[in-house]
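This report refers to the structure that appears directly beneath it.
The values are calculated or read from the model by the stated rules, or taken from the named source; none is laboratory data. Only a predicted model underlies this, so the values are computations on that prediction, with no experimental measurement involved. FYI the Cβ positions are ideal-geometry reconstructions off the backbone, even for glycines, and counts take in every protein chain you see.
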Amino acid sequence: MSQRVYNLFQKSVEAKMQVGEELAPLIDQAGDMLVNALLADKKILVCGNGTSSALAQIFTSSLLDRYEKERPSLPAIWLGSTVSTYTAIAADYNYSDIYAKPIRALGQQGDVLLALSSSGNSANLISAVSAAHERGVNVVALTGRDGGDLSTLMEVNDLEICAAVNSRGRIHEIHLLVLFCLCDLIDNKLFGIE
């Protein structure tokens, strides 16, 4: 069994190395987008489904609390955090509105929506991106495989970071690394943290 576990480590490293060179400049651009929004007193809205929602929560907690070192809290909202609102919207309207409605209520021009999806095809994330565009909110989409339908929604000021691998597990691992890279870039660019 330990050989199987070691092989999983190898596959994880190989997947990250496969996409790392291509994604590095995109991650840097996304870092600039997030930093510019924060410097303009805007906020970061974050959403995803399942494992992607858990990753969204990790990212927002790293901004609201801290990443590696102490620094002031940063305005980030995990849109899946209020279960009662989430379930009310799903029951009263449609599951595809669970993120779109909060974005319409909270999103302001210049904010950034960070949408995470391993497939890029979730109806609620597609609705979220459309709602963001309606409100003048820029979008950073973390996708996988071929980017799915989210790829087609990207506008001029948006950015897609696509982990173009076929394993869902590897996509989530890459997304987590991307989020940690963004945390590092934000801390470095805003606070000079090395």
Inside the stretch 120-140, the number of residues satisfying the requirement of being of a type in the set (Gly, Ala, Ser) and touching a Ser or Thr at 6+ places or on another chain (Cβ under 7 Å) is 3
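Quick one: which of Leu150, Leu125 is surrounded by 20 or more Cβ atoms within 10 Å (Cβ to Cβ), closer than 27 Å to Leu38 by Cβ and free of Cβ contacts under 8 Å to residues at least 60 places away in the same chain? Full working, then the answer.
Working: Leu125 fails: free of Cβ contacts under 8 Å to residues at least 60 places away in the same chain.
So the residue among Leu150, Leu125 that is surrounded by 20 or more Cβ atoms within 10 Å (Cβ to Cβ), closer than 27 Å to Leu38 by Cβ and free of Cβ contacts under 8 Å to residues at least 60 places away in the same chain is Leu150.
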Qualifying positions in the stretch 68-89 - in contact with a helix residue (DSSP H, G or I) (Cβ under 9 Å, 6 or more places away or on another chain), of a type in the set (S, T, N, Q) and not in a loop (DSSP other than H, G, I, E, B): Thr85
Kindly list, by first and then second residue, each pair from a residue in the stretch 1-29 that is closer than 14 Å to Ile171 by Cβ to a residue that is hydrophobic (A, V, I, L, M, F, W, C) and surrounded by fewer than 11 Cβ atoms within 10 Å (Cβ to Cβ), limited to pairs with Cβ atoms under 6 Å and residues at least 6 apart or on different chains. none
Members of the stretch 30-63 found to be of a type in the set (Ser, Thr, Tyr) and either touching a helix residue (DSSP H, G or I) at 6+ places or on another chain (Cβ under 8 Å) or over 18 Å from Gly169 (Cα atoms) (or both), listed by number: Thr51, Ser52, Thr60, Ser61, Ser62
Would a scan of the stretch 69-92 turn up a residue that is modelled with pLDDT under 95, in contact with a Lys or Arg (Cβ under 8 Å, 6 or more places away or on another chain) and not β-branched (Val, Ile, Thr)? no
Scan the stretch 97-107 and tell me whether some residue there is over 14 Å from the mean Cα position of the chain (by Cα), closer than 20 Å to Phe59 by Cα and hydroxyl-bearing (Ser, Thr, Tyr). no
Which residue is nearest to the chain's Cα centre (by Cα), if the candidates are limited to the stretch 137-186 and must be farther than 28 Å from Ala105 by Cα and acidic (Asp, Glu)? Glu173
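Given the criteria closer than 28 Å to Gly192 by Cα, small (Gly, Ala, Ser) and touching a Ser or Thr at 6+ places or on another chain (Cβ under 7 Å), does Ala115 qualify? Lay out the reasoning, then the answer.
Details: closer than 28 Å to Gly192 by Cα: yes; small (Gly, Ala, Ser): yes; touching a Ser or Thr at 6+ places or on another chain (Cβ under 7 Å): no.
The answer is no for Ala115.
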